[in-house]
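In what follows, a single structure is set out as structure tokens and then discussed.
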Amino acid sequence: MPELVKKCPECSGVNLSWNRDRGEITCRDCGLVIEEKMVDFSQEWREFDSEEGEKRRRSGAPMTYTQYDQGLGTEVGQKADLFRLDGKDRNKFFRLRKWQYRISTAIERNLKLALSELKRVSSFLKLPKSVEEESARIYTLAVQRGLVRGRSMESVVAGALYAACRRHDVPRTLDELSEASGIEKKEIGRTYRFVTRELGITILPSNPADYIARFSSALKLSAETQSKSIEILEKAQKSELTSGRGPTGIAAAALYVSALLHGEKRTQREVADVAGVTEVTIRNRYKELLEELDLEKDVKKSKKKRRK
């Protein structure tokens with residue numbers, strides 16, 4: 001029943017009946033017809049399998065920014081149709097296809113190449129469809145504003161993907177994007193800042209807790225260690241230890257401390273490799289956490305237990 005009608009205006013009763021066949025909503029207490037001639041927006045056919053539903057459906061796929069024409073364009077036939085044509089018609093067919101490609105704009109030609117690269121990088125990083133769609137929208141806006149001019153297509157694609165990951169709270173580092181796209185980390189960061197500034201995209205700072213699950217899974221740590229590291233991060237945020245520091249470094253250090261507390265020995269080198277930071281960063285953040293959060297005693301106790 002539609003959510004607009006909640007009670008009868010005559011008797012204030014809530015015992016309403018919705019007759020789908022007649023398109024009416026009536027009150028069962030007083031018999032008042034509240035709504036009539038309602039439009040039924042559901043489909044008018046029955047389907048018993050996916051093939052039958054596909055044949056009867058009259059609308060195509062939804063609009064998407066991951067295609068250069070947003071999925072609304074049509075092509076002049078398919079190559080399979082060539083075998084049904086004679087010589088003259090076949091030449092005409094090729095001529096029409098050639099002109100269709102020629103009349104496409106420079107923006108469309110750019111999007112054809114860029115969006116295929118975007119899908120490749122997104123697949124390599126195993127990003128969800130929502131992030132892929134958002135990054136394609138950001139890149140399309142950048143092309144329409146002329147922001148790609150003077151920059152490599154791959155760097156703008158990587159910058160758009162990083163911006164989409166940040167907006168959807170999907171933790172991916174610049175190092176991972178650099179490895180997937182083949183563009184230097186500094187160039188991706190520079191392009192990302194330029195695109196977000198020019199398009200007016202506001203992005204909040206990354207939360208170190210978003211990286212904990214991925215790093216913990218890569219290091220094969222227990223759920224208790226993962227939960228404890230999130231607690232350490234929450235305390236660090238209250239003490240303002242996370243401000244001005246890289247989220248990956250502080251997240252990796254919190255995991256390292258938590259692993260020590262739970263007797264799961266992992267070297268600083270192992271943690272640094274997973275997080276994509278240096279051992280010096282892990283060591284510095286580790287010392288700050290121990291000093292500011294008074295965790296040094298707990299770490300020493302856990303080390304003594306392990307020795308026994």
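For the reader, a short list of remarks on this structure follows.
- Scan of segment 271-294 for residues that are surrounded by fewer than 16 Cβ atoms within 10 Å (Cβ to Cβ) and more than 16 Å from residue 174 (Cα to Cα), ordered by number: 279, 280, 283, 284, 287, 291, 292, 294
- All conditions in (1) of a type outside the set (Val, Ile, Thr); (2) under 14 Å from residue 271 (Cβ atoms); (3) without any contact (Cβ under 8 Å) to a residue 12 or more places away in the chain hold for residue 238, with the sole exception of (2).
- Residue 194 being among the aromatic types (Phe, Trp, Tyr), surrounded by 14 or more Cβ atoms within 10 Å (Cβ to Cβ) and either in a loop (DSSP other than H, G, I, E, B) or not assigned by TED's automatic domain parsing to the domain that holds residue 277 (or both): yes
- Test: residue in segment 155-167 that is of a type outside the set (Val, Ile, Thr) and part of a loop (DSSP other than H, G, I, E, B): no
Residue-by-condition table, conditions (1) in a loop (DSSP other than H, G, I, E, B); (2) among the polar types (S, T, N, Q); (3) under 25 Å from the mean Cα position of the chain (by Cα):
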{"site": "242", "(1), (2), (3)": "yes, yes, yes"}
{"site": "248", "(1), (2), (3)": "no, yes, yes"}
{"site": "257", "(1), (2), (3)": "no, no, no"}
{"site": "260", "(1), (2), (3)": "no, no, no"}
{"site": "264", "(1), (2), (3)": "yes, no, no"}
{"site": "269", "(1), (2), (3)": "no, no, no"}
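- Residue match in segment 194-207 (condition: among the charged types (D, E, K, R) and either at pLDDT below 85 or closer than 30 Å to residue 152 by Cα (or both)): yes
The values are calculated or read from the model by the stated rules, or taken from the named source; none is laboratory data. Bear in mind that the values here come from a model prediction, so they are computed numbers and not experimental data. Don't worry about glycine lacking a Cβ; one is built from the backbone with ideal geometry, like all the others, and counts go over all protein chains shown.
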